[in-house]
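The values are calculated or read from the model by the stated rules, or taken from the named source; none is laboratory data. Here the structure is a predicted model, which is why all the values come from computation and not from measurement. Cβ sites come from the backbone with ideal geometry, for glycine too, and all protein chains shown count toward neighbours. Heavy atoms of the whole protein, side chains included, go into the accessibility calculation; ligands, DNA and RNA do not. Shrake-Rupley method; radii C 1.70, N 1.55, O 1.52, S 1.80 Å.
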Amino acid sequence: MSYLLNAIRHLVEIETMATSKKVITREEWEKRLDNVKLRKEDMNKLVMNFLVTEGYVEAAEKFRLESGTEPDIDLATITDRMAVKKAVQCGNLEDAIEKVNDLNPEILDTNPQLFFHLQQQRLIELIRNGKVEEALEFAQEELAPRGEENQSFLEELERTVALLAFENVTNCPVGDLLDISQRLKTASEVNAAILTSQSHEKDPKLPSLLKMLTWVQNQLEEKAAFPRINDLSTGGLEDPAV
């Protein structure tokens with residue numbers, strides 16, 4: 001990743017030395033890009049990092065065999081991590097919590113916010129399934145004590161319990177808690193916590209690199225008109241607007 005960033009920064013430094021905005025043709029820009037040397041090993045590591053972090057275990061194993069790039073984590077642990085993530089996404093919070101503890105009980109012991117959010121999601125699933133009495137009992141016994149110790153937890157608990165005040169959540173101000181996005185948010189949080197416990201980055205490097213590319217292009221555009229990459233999915237250059 002450092003090779004790519006240095007290459008991009010190098011191009012910016014060259015072009016921003018000019019005091020007035022200039023036009024860089026596609027031919028000239030491509031020549032400059034051709035002079036930037038990128039190691040295939042670094043590109044492969046970026047791909048492997050993305051596959052491992054996002055949990056594509058089969059693709060990571062296939063890529064390992066084809067490219068000879070070794071992951072910095074045991075691929076077997078990806079399957080376990082993805083099982084936790086899938087359980088949360090499906091609303092099976094008891095199963096998810098059990099799986100996390102099987103992986104490493106210290107994850108929840110040392111992360112009270114994550115544990116609260118998993119329990120909060122469990123409460124949301126009870127409400128979703130119409131188990132009102134069970135939801136109230138669970139909120140009182142499991143979540144209320146934590147809310148007394150943490151003001152932000154208490155506010156989240158009150159917001160969640162408010163779901164019970166509405167028969168129709170269509171116009172409910174807290175109805176977003178029942179959206180699939182809430183499950184995905186919780187799943188992403190637990191996924192990041194597991195990765196951290198395994199001494200692995202919680203976010204893949206590739207998206208950060210693409211954000212850096214966009215930022216650098218915007219900075220350079222103040223000094224010059226040049227072929228931009230506007231569609232990151234294809235990486236194609238578009239002629240500068242003059």
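Side notes on the structure shown:
- The number of residues in region 19-60 being without any contact (Cβ under 8 Å) to a residue 40 or more places away in the chain and among the aliphatic types (A, V, I, L, M) comes to 9.
The rows are residues; the columns are (1) outside any helix (DSSP H, G or I); (2) over 19 Å from the mean Cα position of the chain (by Cα); (3) under 23 Å from Ser197 (Cα atoms).
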| residue | (1), (2), (3) |
| --- | --- |
| Val36 | yes, yes, no |
| Glu41 | no, yes, no |
| Val47 | no, no, yes |
| Ile78 | no, no, yes |
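- Comparison of Leu237, Leu177, Leu154, Leu220 shows that the only residue that is modelled with pLDDT of 85 or more and within 22 Å of Cys90 (Cβ to Cβ) is Leu177.
- Among the residues of region 58-84, the ones that are under 18 Å from Lys99 (Cβ atoms) and of a type outside the set (Asp, Glu) come to 10 in all.
- Given (1) at pLDDT 95 or above; (2) open to solvent by less than 20 Å² (accessible area, probe 1.4 Å), index of the condition Arg81 fails: (1)
- Members of region 122-136 found to be open to solvent by 90 Å² or more (accessible area, probe 1.4 Å) and among the acidic types (Asp, Glu), listed by number: Glu133, Glu134
- Any pair with Cβ under 6 angstrom, 6 or more apart, that starts in region 122-142 at a residue that is within 17 Å of Ala165 (Cβ to Cβ) and ends at one that is open to solvent by 70 Å² or more (accessible area, probe 1.4 Å) and in a helix (DSSP H, G or I): Leu126/Glu134
- The single condition among (1) crowded, with 19+ Cβ neighbours inside 10 Å; (2) out of contact with any Phe, Trp or Tyr (no Cβ under 8 Å at 6 or more places or on another chain) that Met48 does not satisfy is (2).
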